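All of the numbers you see were taken from the coordinates with simple rules; none came from a lab. Note that the structure is predicted; figures quoted are calculated from it, not measured. Cβ placement follows ideal geometry from the backbone for every residue including glycine, while neighbour counts extend to all protein chains displayed.
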Amino acid sequence: MSALTWSDHLALQQPLMDDTHREFIDLLAALEAAAASPSAGLLPCLDRFVEHTEAHFGQEDAWMASIGFQPENCHARQHAEVLQLLREVQRRVREDGRVEMVGQLVPALAEWFVPHAQNMDGGLAQVMQATGFDPATGTMTNPPQAPSDAAFEAAAPGCH
Ligand SMILES: [Fe+2]
Ligand SMILES: [Fe+2]
């Protein structure tokens, strides 16, 4: 049983986001399997996971910037904190052979992801829908009249 599996309660009805989140879960499961029997395959698997997560978070950060969120908003801060942790684990596995850290990382990420997806990403998906934001072009059919950090933060409960 994987630490995290896709289910409908993770679906945000934002196709690009949902596809990316399914890939995140698949790559996390692959990382979990690789960590269970560490071999030469673990580091490439971790590298692939970090690379995907950089793109995943970067995409959401870019959408938030296009809509008018401040760069230092709490959702983007969570992304930065998780990426910092991932890169630290990646460095210690690569340089010091600390493969057991991946076994600790996987359940922590699984536990972190569910509320992040439901609250932070769910809040962003709601704002994207409300503003008529088109991820393909970065345009909005119903842009916010007065961008308000408070409103954006309210769209992402659990931010701190
Ligand atoms: Fe996400
Ligand atoms: Fe996110």
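Only one residue of S39, M120, T141 has its Cα farthest out toward the positive end of the dipole of region 13-154, where Lys and Arg carry +1 and Asp and Glu -1 on Cβ, and that residue is S39.
The convex hull around the C-alpha trace of the chain, projected and averaged over every direction, spans 9.4 square nanometres. GNM remark for the chain: springs join alpha carbons under 10 Å apart, and the peak mean-square fluctuation among A125, A136, A110 falls on A136. Computed about its Cα centre, the charge dipole of the chain is approximately 220 debye, with only Lys, Arg, Asp and Glu carrying charge at their Cβ.
Among V102, A29, Q129, pick out the residue whose Cα is farthest towards the positive end of the charge dipole of region 13-154, where Lys and Arg carry +1 and Asp and Glu carry -1 on C-beta, about the Cα centre. Result: V102, furthest along the dipole toward the positive end.
Charge tally for L10 (other residues, Cβ to Cβ under 11 Å; Lys, Arg +1; Asp, Glu -1): -2. Summary value for region 13-154: 27 percent relative contact order, contacts being C-alpha pairs under 8 angstrom separated by 6+ residues.
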